[in-house]
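The values are calculated or read from the model by the stated rules, or taken from the named source; none is laboratory data. No experiment lies behind these values; they were computed from the predicted model shown. Reconstructed Cβ throughout: ideal geometry from the backbone, glycine too, with neighbour counts over all protein chains shown.
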Amino acid sequence: MTLYLIPTLISEESSIEKSLPPYVNEVLDKIDGFFVETPKLARAFLKRFNFDRFRDLPMVQVNKRTETSEIDELMQPLKDGKKWAVLSDAGTPCIADPGQKLVAYARDNNIGVEAIIGPSSILQSLIISGLPAQRFFFHGYLPKGFKRHDLEEGMTHLFIETPFRNQAAMRLLTGVLKDDDRMAVCTHLMSSNERVDLKSIENWKRVAPEIYFPDKVPTMFLVYLRKNEFRRQFKKR
């Protein structure tokens, strides 16, 4: 009985060969069922492997609305000795993802857990942003009433927003942060259209959000509130 954490692709344009380790095929070949965040996206992902047997395997949806009390019944196949996999909507499961509930249950009930290394929009944006990664914090969606003093200085802060709110997020961040704070904006991660821009807030204010986000694409916002001793490394652009 093993719960496998199988990464999916961040972008539809991403190549399986370049984004995922080759032994994903071996793991998928022995899976008895799937826990998925969104069935439609999971099926689209599995079709790229051309495994006909997936059509006959059970697929159970586990999302943010799944109650912890439901997990015991959902995990019964694993307690019976089966091998099931977790598929997130995008990237590696359990990072800001409901699959964490399944792993927590497995740990409490002596069910094996095996994770396959794969892409994560959080880590991908962090390492290509140019901002410090010694200390970072993923906040999820921008909170209502967000203020600069809510963030700790000397740390990189990561945010996401629903694509149709990208422009509102830009206006909020540039309105709250100081001119010499730094922000990286990452769009189309791991695709041929991938774009990463790192600027001071002063320079971001000169960019019209409606021009920068014409397609309302999934975006990561990374903010660094610099301490005085760090300002020499990053000069204003």
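Under the condition of being of a type in the set (Phe, Trp, Tyr) and modelled with pLDDT of 70 or more, the residues counted in the stretch 207-237 number 2.
One residue stands out in the stretch 63-92 among those that are of a type in the set (S, T, N, Q) and farther than 27 Å from residue 24 by Cα: the one that is nearest to the chain's Cα centre (by Cα), namely 68.
Count of the stretch 91-108 residues, restricted to those that are surrounded by fewer than 19 Cβ atoms within 10 Å (Cβ to Cβ) and β-branched (Val, Ile, Thr), is 2. Of everything listed in (1) more than 15 Å from residue 147 (Cα to Cα); (2) in contact with a Leu (Cβ under 8 Å, 6 or more places away or on another chain), the single unmet condition for residue 181 is (1). Residues in the stretch 109-159 that are under 30 Å from residue 79 (Cβ atoms), surrounded by 14 or more Cβ atoms within 10 Å (Cβ to Cβ) and more than 16 Å from the chain's Cα centre (by Cα): 111, 113.
For the stretch 120-134, the count of residues that are free of Cβ contacts under 8 Å to residues at least 24 places away in the same chain and over 30 Å from residue 27 (Cβ atoms) is at least one. Residues of the stretch 144-171 that are out of contact with any Ser or Thr (no Cβ under 8 Å at 6 or more places or on another chain) and more than 21 Å from residue 226 (Cα to Cα): 144, 145, 162, 164, 165, 167, 168. Only one residue in 2, 38 is among the β-branched types (Val, Ile, Thr) and under 17 Å from residue 112 (Cβ atoms), so which one is that? Being among the β-branched types (Val, Ile, Thr) and under 17 Å from residue 112 (Cβ atoms) holds for just one of 2, 38, which is 2. For the stretch 169-209, which positions are among the hydroxyl-bearing types (Ser, Thr, Tyr) and assigned to a loop (DSSP other than H, G, I, E, B)? Correct list: 191, 192.
A quick yes/no check of all residues on (1) surrounded by fewer than 17 Cβ atoms within 10 Å (Cβ to Cβ); (2) touching a strand residue (DSSP E or B) at 6+ places or on another chain (Cβ under 9 Å):
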{"site": "47", "(1), (2)": "yes, no"}
{"site": "58", "(1), (2)": "yes, yes"}
{"site": "67", "(1), (2)": "yes, no"}
{"site": "75", "(1), (2)": "no, yes"}
{"site": "83", "(1), (2)": "no, yes"}
{"site": "88", "(1), (2)": "no, yes"}
